[in-house]
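Enquirer: This is the structure I have questions about; it appears just below.
The values are calculated or read from the model by the stated rules, or taken from the named source; none is laboratory data. Because the structure is predicted, anything quoted here is derived from the model rather than measured. A quick note on method: Cβ atoms are made from the backbone with ideal geometry, for glycine too, and the neighbour counts reach across all protein chains shown. Side chains are part of the model used for accessible areas, which takes the heavy atoms of the whole protein and leaves out ligands, DNA and RNA. Shrake-Rupley method; radii C 1.70, N 1.55, O 1.52, S 1.80 Å.
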Amino acid sequence: VVKAVQPLYYGLFFFSQMFREDRRGVLLESTLTASGVALTAWAVGSDSGTYVALNNKDTTNAATVTITGFPFFARTAAVMTLVSSGGTPSEQLGNLGIYNGGSAITLGGQAVALDGRWHGIPSELAVSNRSVTVTVAPATAALILIR
């Protein structure tokens, strides 16, 4: 039996970042208006700030998303992107992962090691007039933390 970080693990790991260090959160009511892009979104409020998870399932179009209506005055925002490598978005979605004969999958620019170590780094986003804008490439997901 080969123990390896499977692609499904990355999806679970992506969402678990909202609840690291025993954080608790509440699913927030939100509205998503997406035109011509297969995009889903969730917002979670926690003691750490507001998390917004964006999943671009579209294999052709990037999604530029503006997040507005924060219930507080936000000063900072950061994004970590979940990316599967491949020559095309369809290949990215079918990627089995580096330990299964596929190619690298990363969160925050880093793959999860077989021993569970991970050192992903978020990228800063500009906050302007209580809004944040991020572009999510085809076949990728983004986790935004707004504080």
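Enquirer: Just to be sure I understand: with springs between alpha-carbon atoms less than 10 Å apart, which residue in Glu124, Glu91, Glu29 has the highest mean-square fluctuation in the Gaussian network model of the chain?
Expert: Glu29
Enquirer: Of Phe15, Thr68, Ala34, which is farthest along the charge dipole of the stretch 1-94 in the positive direction, counting Lys and Arg as +1 and Asp and Glu as -1 at C-beta?
Expert: Positive-end residue among those listed: Phe15.
Enquirer: Express the accessible area of the chain per residue in Å², computed with a 1.4 Å probe while the remaining protein chains stay in the model.
Expert: About 58 Å² of surface per residue is accessible.
Enquirer: Let me know the whole percent of all Cα-Cα pairs from the stretch 31-70 that are separated by more than 16 Å.
Expert: Taking all Cα-Cα pairs of the stretch 31-70, the fraction more than 16 Å apart is 38 percent.
Enquirer: Going by the alpha-carbon gyration tensor, a ≥ b ≥ c the square roots of its eigenvalues, is the stretch 51-147 rounded (a/c under 1.5) or, if a/c is not under 1.5, prolate (a/b greater than b/c) versus oblate?
Expert: In terms of gyration-tensor shape, oblate.
Enquirer: Taking the Cα centre of the chain as the origin, how large is its charge dipole in debye, to the nearest 20, when only Lys and Arg (+1) and Asp and Glu (-1) carry charge on their Cβ atoms?
Expert: 180
Enquirer: Let me ask something additional. If I model a spin label at Ala126 and Ser103 as a point 7 Å from the Cα along the Cα→Cβ vector, what separation in nanometres do I get?
Expert: It is 3.1 nm.
Enquirer: A further question on this structure: On the accessible surface of the chain, probed at 1.4 Å, how many percent belong to carbon and sulfur atoms?
Expert: 55
Enquirer: Right, next: How big is the stretch 1-99 by the Kirkwood estimate over distinct Cα pairs, in Å?
Expert: Values: mean 1/r = 0.0638 Å⁻¹.
About 15.7 Å, per the Kirkwood formula over Cα pairs.
Enquirer: Further question on the same structure: Using the basic label-point model (7 angstrom from Cα toward the beta carbon), what is the Leu96 to Ala34 distance in nanometres?
Expert: Rounded to a tenth, the inter-label distance reads 2.9 nm.
Enquirer: Using Cα-only point scatterers and the Debye equation, what is log10 of I(q)/I(0) for the stretch 93-147 at each q in 0.17, 0.18, 0.27 Å⁻¹, rounded to two decimals?
Expert: Taken in order of the listed q values, log10 I(q)/I(0) reads -0.70, -0.76, -1.19.
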